[in-house]
Amino acid sequence: MTRMGTFKNSVGLVKASWRVLRDEPGLVWLPVVSALASIVVIATFALPLAGVDVLFGDAESSFGSVADWILIGVLYFVLGFITIFFNAAVVFAANERLEGRDTDFSGALSGAWARKRQILEWSLVTTTVNIILRAIAERFGFIGAIVASLFGLAWSLVTFLVLPILVIEGIGVRDGLKKSGALFKKTWGRT
């Protein structure tokens, strides 16, 4: 397939996604519920994160610092899972419509729930990568921020299709990463 053909397919997919949202306005609630769930999670973690320094003393203490990192890691993971889960629901709903089947809010959630193992694994991988990138940026200052940004951009590009692959094909994260990377290389490798 030529690059022009690939571009046309991408434009077609975007148009189809908008048609899905137009035809099923209830699906717009997916990002709204995702945002509300994220706010609840952040509020749930805000008190313990604020309390760690109060309980363990000065922020420079090693135990308080470790507790902060653990809580932040868990917060990243939970927020990542919520975001990925609701994105998976949107992917499932769009795919159902593109395949000619009807779907709604609860059907989209059920479709995402059917891939909970893949979503959980992908959340763990993305959380780990994000925490490592953040640590590099903070630890190595300006150079670390540049390296983390460049690696983060490359990671985003190569993993762009992982979630749709996991949701639609139901394969594992390792195979999804390989397939997404191969599709990226096939589409944009020469460019």
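Since every read-out is calculated from the coordinates, none of them should be taken as a lab result. Fair warning: this is a prediction, and the values are worked out from it, not measured in the lab.
Report the full-extension gain for the segment A154 to K179: residue separation times 0.36 nm, less the Cα-Cα distance, to one decimal in nm.
7.4 nm
Read phi for every residue in region 69-82 and hand back ³J(HN,Hα) as whole Hz from Karplus 6.51 cos²θ - 1.76 cosθ + 1.60, θ = phi - 60°, with x for Gly and Pro.
5, 5, 5, 5, x, 5, 4, 4, 4, 5, 5, x, 4, 4
Kindly write out, for region 157-169 in residue order, the coupling ³J(HN,Hα) from the Karplus curve 6.51 cos²θ - 1.76 cosθ + 1.60 (θ = phi - 60°), rounded to whole Hz, with x marking Gly and Pro.
Result, ordered by residue: 5, 5, 9, 3, 9, 4, 4, x, 5, 4, 6, 6, 8 Hz.
Find the percent of Cα-Cα distances in region 117-191 that exceed 14 Å, and round it to a whole number.
63
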